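Engineer: Structure provided below as structure tokens; questions to follow.
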Amino acid sequence: MLKPSILASRVATVAAALALVAQPMAPAVAALAGQTQTKPPAQTTTKAPATAKPAAAAATPAQPPPDGGWPRLHEMGSGGDFLVYQPQIASWDNQKTMVAYSAVSFRAKPSDPPKLGTVKLEANTKVSVTERLVSFADMKITEVNFQNLDKNLMREIATGLDTAIGPDERVIALDRVLAALDKSTITPKEVEGVRAIPPPIFFSQTPAIMVNLDGEPIWSPIKEVDVKFAVNTNWDLFQHTTAGYFLRNEKVWLKAADVKGPWTPAGDLPDSFKKLPDDDNWKDVKESLPGKKIKASEMPTVFVSQTPGELILLTGAPAYKAVTGTKLMWVSNTESDVFRMGTTGLVYYLVAGRWFSASDFKGPWTFATPSLPDDFKRIPVEHDRSRVLASVPGTDQAIEAVMLAQIPQTARVNKKEVKAPDTAFEGEPQFQKIDPTTVERAVNTDKDIFKVNGLYYLCYNGVWFVGKAVNGPWEVAETVPQEIYKIPVSSPSHHVTYVTIEEDDDDDWVVFAAAAGYTGMMIAWGCTVWGSGWYYPPYIGYGGYYPHYYPHFPTYGYSAWYNPWTGAYGRSAGIYGPYGGAGVGARYNPRTGTYARGAAAYGPYGARGVAQAYNPRTGTYAQTRQGSNVYGSWGSTSVQRGDDWAKTNRYTNNRTGTTTRTVRTDEGAAISKKGADGGRVAAGSDGNIYAGKDGNAYRKQDGTWQKYDNGGWSDTDRQPDGTRPTPNDKSTAATRPGTTGATTRPSTTDRGTIDQLNRDSNARTTGSSRTQGQSTYRGGTGTSQTGSYRGGGASRGGGASRGRGR
């Protein structure tokens, strides 16, 4: 461990004391450090007098960044400290091994002037996509560079720094890392066989709703009531024995002589509806009775599809808005992601991560992702719908989405304590061979059960179990047959191929990993898409009072859109039904012989994101608004999530309450440390100090890079673009007024270092902005700022419905 007395004596032998120039905090910087959001005054129906002033806007404190912010002050036992500036990511191989550089300011004791140098670190990382954090707790400092200090002292500095930075403080916001990555190093692992056949796409410029059925209607009786309900739709759709068909649209009831319509206002409902059971299955239905009366002119158009379809709903004629820097026009009066080349060219519609094009809004539609015009790559990130960039091949946003989808979630599972779920079949177990493999899958159950080489395997919530009999007993699997991982995407069981055993070197524990493909997110055409594109017919069985219906999650029928703030897909629920999208309306329980419907099974309007309720055969799981975690569903200490460190040890958790230091964001001035001396500025230049790969510390001043030399700053011999100035170019002064210890000649710096610094500076600025936007999103309702990669780029809920198309 570093001894302060030895370190202090060695530092005293350095001829020229190094001093950092502390910059005063400008008002703008202070505003950034404590950024606020304001809301406009509420609208009223009474016109205010001309002299009246608007009410003061309500201010909401900015949310802290998830990693606590940079730079950071780390104290030593001697009273000295290290000020560590934000690491600059050099590489992140397979999102597991990171190499980074960081500028560091060091003091052996409080009375010493700070010394500025750089370090290089290598770390094995862990990622929490849900919490948007990267841990580099397993870190090693491989290089230390401080001018005029000998190697022995620098080794001791490395040891002291390693000791001062606690393991729980070694985290950085994922968005800072993403902004810094060289996207050309990311290779998409595309899924073979993903489809892009256009679904049925409907269009309306007047209020409309989309009723998706999973095949022909499957009618289930309701005991002691002469009404049946459709189990294979997420709508409240009923069949009366004599009065026809009835559809609930919030408080309004519609009726038709044929399930496909035409639909009209229902008027008075049959008395049968008053006799529905008093349980959660029918709570929403009974609360809507007797129904709101509407005129025929107030009727929404009802589109019915027996395969999952999509609806483009405009509020009136298309409202075109030019997309800056392109020939594209954004259709702004729809929740769907729709663009057009000019006002008369091809229409482009994005859904489930796939682009489709047509000459007109009514189709016919053609798959268009591989042939998108280059203008789509030029959509500004500030645009209200820049989320679509994640689905444009070749963009940084698309590569980032691919990378996030390839990062697996992990969990340590206790072999002796974790119990498999109950399994049950409708009648005798039925198995179906999955070509071209030797694997057989169970079809008449709500669980993923397979038969391979005489043994049975069950995959549930990202954990594999094995048993000698079809109904168990089940044990946590230590191996999984490789034949299972050959299940093709054409099979509804393909999603289990994304659950693997990562480690089994313990008698009690085994480590499982689940990639995003398990939750329905596939990689194809250089992008992350929702669903395989295949339609998987449900299993339907009869043999009791109720029909037996086991669905699979569909690709379409959700209006699925990518959420840049979570790395997962979200869904539009309103115009697609009260229970969250096609195929999740009712879930049959083979053990009890009953259905759990709608709100009872999934919560009102379903889960907030598609990936959070990914498979209606296994139900929904424990979730957070920011994203799903497969292993969070177990809720047990016997299943230890691999990203639990992000919740229990995250930097911000340890910087609240009685902390003695204030950590501001990247560009938010210096670090203030409260202490007996009443506080001081530890080091500064607004946190805008960087480590060059040449081992020197740099900062950007008035648009010019300056190098730290012998206790002061001097301009480099390079322009900001990396070129050397011409002999007559006076743009880089030899000495900058007010710069302590400035040299009389510009410092020599190679172009490669300047290029690197420019990249790192841009990445730090972008990463800081995105991290702040992420914090704002997490601190909000989760229904805004999902349309754009920039904070405030909300799009009327970013895909959420507007009152079911009214």
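The values are calculated or read from the model by the stated rules, or taken from the named source; none is laboratory data. Quick caveat: nothing in here was measured; it's all calculated off a predicted structure. With ideal geometry, Cβ positions are generated from the backbone for all residues, glycine too; neighbour counts draw on all protein chains shown. In case anyone asks, the SASA skips ligands and DNA or RNA and just uses the protein heavy atoms, side chains included. Shrake-Rupley method; radii C 1.70, N 1.55, O 1.52, S 1.80 Å.
Engineer: Give the Debye-formula value of log10 I(q)/I(0) at each listed q (0.15, 0.17, 0.20 Å⁻¹), with one equal scatterer per alpha carbon of region 104-240, two decimals each.
Structural biologist: Results for region 104-240 at q = 0.15, 0.17, 0.20 Å⁻¹ read -0.97, -1.08, -1.21.
Engineer: Determine which lysines satisfy two conditions relative to K255: a Cα distance under 18 Å, and not lying fewer than 8 residues away in the same chain.
Structural biologist: Qualifying lysines at Cα under 18 Å: K228, K274, K286, K292, K293, K295.
Engineer: For region 278-372, rounded, prolate or oblate, judged on the Cα gyration tensor with a ≥ b ≥ c (square roots of eigenvalues), a/c < 1.5 rounded, else prolate if a/b > b/c?
Structural biologist: prolate
Engineer: I've got another one for you. Could you order D278, D162 so the one with the most accessible surface comes first? Probe is 1.4 Å.
Structural biologist: So the residues, ranked largest to smallest area, are D278, D162.
Engineer: What is the Cα convex hull volume of region 54-158 when expressed per residue in Å³?
Structural biologist: Hull volume normalised by residue count: 182 Å³.
Engineer: Moving to a separate point now. Below 17 Å, Cα to Cα, which aspartates and glutamates can K183 reach? Residues fewer than 8 away in the same chain don't count.
Structural biologist: Result set, ordered by chain and number: D93, D175, D396, E400, D755, D760.
Engineer: Right, next: What does the extension gain come out to for A243 and T307, with contour length at 0.36 nm per residue minus their alpha carbon separation?
Structural biologist: Working it through step by step, the gained length comes to 20.4 nm.
Engineer: Okay, which of region 532-569 sit inside 19 Å, backbone N to the point 7 Å along the Cα-Cβ direction of W219?
Structural biologist: The answer is 540-549.
Engineer: Also, quick follow-up: Can you give the FRET efficiency for N453 and K183, using 1/(1 + (r/R0)^6), R0 = 56 Å, r = Cβ-Cβ distance, to the nearest 0.05?
Structural biologist: Efficiency at R0 = 56 Å is approximately 0.85.
Engineer: Using a Cα-Cα cut-off of under 22 Å, which lysines could be cross-linked to K419, ignoring same-chain neighbours fewer than 8 residues away?
Structural biologist: K419 reaches K447, K451, K468.
Engineer: Evaluate the distance, in nm, between pseudo-label points positioned 7 Å from the Cα of N589 and of T344 along their respective Cα→Cβ axes.
Structural biologist: Placing both labels 7 Å along Cα→Cβ, they lie 6.1 nm apart.
Engineer: Quick check: net charge around L181, other residues with Cβ under 9 Å of its Cβ, Lys/Arg +1 and Asp/Glu -1?
Structural biologist: Residues close to L181 contribute a combined charge of -2.
Engineer: I need the GluC sites (Glu not before Pro) found in region 135-239, filtered to DSSP loop residues with at most 16 other beta carbons within 10 Å of theirs.
Structural biologist: Here the sparse-neighbourhood loop sites are E190, E192, E224.
Engineer: Within 11 Å, Cβ to Cβ, of A477, how many net charges do the neighbouring residues add up to if Lys/Arg are +1 and Asp/Glu are -1?
Structural biologist: -2
Engineer: What is the log10 of I(q)/I(0) for region 168-219, computed with the Debye formula using one identical point scatterer on each Cα and no solvent, at q = 0.16 Å⁻¹?
Structural biologist: Each listed q maps to, in turn, -0.82.
Engineer: List the relative contact order of region 352-486 as a percent without decimals, with contacts defined as Cα pairs under 8 Å and 6+ residues apart.
Structural biologist: 13 percent
Engineer: Please list the equivalent ellipsoid semi-axes of region 431-510, computed as the square roots of five times the alpha-carbon gyration tensor eigenvalues, in descending order and whole angstrom.
Structural biologist: Working through the eigenvalues yields semi-axes of 20, 14, 11 Å.
Engineer: Here's something else I'd like to know. Net charge within 14 Å of L276 by Cβ-Cβ distance, Lys/Arg positive one each and Asp/Glu negative one each, not counting L276 itself?
Structural biologist: Here the charged neighbours net out to -1.
Engineer: Can you give the charge dipole size of region 356-473 about its Cα centre, rounded to the nearest 20 debye, using +1 on the beta carbon of Lys and Arg and -1 on the beta carbon of Asp and Glu?
Structural biologist: Roughly 500 debye for region 356-473.
Engineer: Can you find, among A405, W365, V439, the residue farthest towards the positive end of the dipole of region 348-451? Put +1 on the C-beta of Lys and Arg, -1 on that of Asp and Glu.
Structural biologist: Value computed over the given set: V439.
Engineer: Can you pull out the chymotrypsin sites (Phe, Trp or Tyr not before Pro) in region 517-554 whose DSSP state is coil and whose Cβ has at most 11 other Cβ atoms within 10 Å?
Structural biologist: Passing both the DSSP loop test and the Cβ count: Y542, Y545.
Engineer: Now, a different point. Give, in nm to one decimal, the length gained when the segment between D374 and D162 is fully stretched (0.36 nm per residue of separation minus the Cα-Cα distance).
Structural biologist: Going from the current span to full extension adds 71.6 nm.
Engineer: Indicate the gyration tensor shape class of region 207-336 (rounded, prolate or oblate), computed on the Cα atoms with a ≥ b ≥ c the square roots of the eigenvalues: a/c under 1.5 is rounded; otherwise a/b larger than b/c is prolate and the rest oblate.
Structural biologist: Prolate, because a/c is 1.5 or more and a/b exceeds b/c.
Engineer: Please tell me which of these pairs span more than 19 angstrom C-alpha to C-alpha: K120/K151; K109/K707; K189/K433; K151/K700; K223/K260?
Structural biologist: Long pairs (Cα-Cα over 19 Å): K109/K707; K189/K433; K151/K700; K223/K260.
Engineer: Right, something else. Order D396, D67, most accessible first, counting only protein heavy atoms with a 1.4 angstrom probe.
Structural biologist: Greatest to least solvent exposure: D396, D67.
Engineer: Something else about it: Please report the accessible area of R790 (heavy atoms, 1.4 Å probe, ligands and nucleic acids excluded) in Å², nearest 10.
Structural biologist: Looks like 60 Å² after rounding.
Engineer: Right, next: Just by accessible area at a 1.4 angstrom probe, what is the order of K468, K151, K283 from largest to smallest?
Structural biologist: If we order K468, K151, K283 from most to least accessible, we get K468, K151, K283.
Engineer: Next up: What figure, in Å² to the nearest 10, do you get for the accessible area of T776 with a 1.4 Å probe and non-protein molecules left out?
Structural biologist: My reading of the accessible area for T776 is about 30 Å².
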